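Presented below is the structure to which this report refers.
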Amino acid sequence: IEPSGGVDRATLAFLCEAYCEDAAPDEKGVMQPRTVMKLHPRLAPVKVAVFPLVKKDGMPEIAEAIYRDAKRAHLAAFYDEKGAVGRRYRRQDEAGTPFCVTVDGQTLVDGTVTVRDRDSLKQERIDKGNVVAYVQDRIRG
């Protein structure tokens, strides 16, 4: 398909370049194929997804607060609490979301959350109050 010049052509080029299939470990550590839209964070339609690990113990309330902070900072954010966290990661990989934030049991102890990078699959713990600044810094550069 080769549309004439314009936004459609650029969008198609970005989507074709970003589409990727690779393998990543599932919840049990078994390598599974995954589809990923490796859009540059500036081009990604959703910049950050926020998940509570479980729907109890105050985790949803903390996750919703982080989600609201991201929205107030004009970051395109997505909140999800349905299904296993691994499946939630996969859905966001397919959508091209570069960062996923998970509120878990450790958050209740020390106030840190897990931030997962879509492309490297690396996870790091940061203070829950620093999520917006963390994402904004990585989107810029």
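With +1 assigned to the C-beta of every Lys and Arg and -1 to the C-beta of every Asp and Glu, and no other charges, what is the dipole magnitude of segment 1-88 about the Cα centre in debye, to the nearest 20?
Working: 14 positive and 13 negative charges, 48 e Å.
With only Lys, Arg, Asp and Glu charged at Cβ, the dipole is about 240 debye.
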Within the accessible area of segment 1-138 (1.4 Å probe), percent carbon and sulfur: 54
Beta bridges by DSSP in segment 35-132, antiparallel share as percent, to the nearest 5: 55
Cα-based helix-to-principal-axis angle, 85-95 vs the chain, degrees rounded to 10: 30
Crossing angle, helix 7-18 versus the chain [Cα axis fit, 0-90 degrees, rounded to tens]: 60
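With the other protein chains left in place, how much accessible area per residue, in square angstrom, belongs to the chain at a 1.4 angstrom probe?
On the way: 8150 Å² over 141 residues.
For the chain, the per-residue accessible area is 58 Å².
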Partner lysines for Lys28 [C-alpha distance under 28 Å; skip if fewer than 8 residues away on the same chain]: Lys38, Lys47, Lys55, Lys56, Lys82, Lys122, Lys128
Top of Ala70, Ala13, Ala49 by mean-square fluctuation, Gaussian network on the chain, Cα under 10 Å: Ala13
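The values are calculated or read from the model by the stated rules, or taken from the named source; none is laboratory data. Just so you know, these numbers come straight off a predicted model, no measurement behind them. All Cβ positions, even for glycine, are placed from backbone atoms using ideal geometry, and neighbour counts span all protein chains on display. Each accessible area value is taken on the protein alone, full model and side chains, heavy atoms only, with ligands, DNA and RNA left out. Shrake-Rupley method; radii C 1.70, N 1.55, O 1.52, S 1.80 Å.
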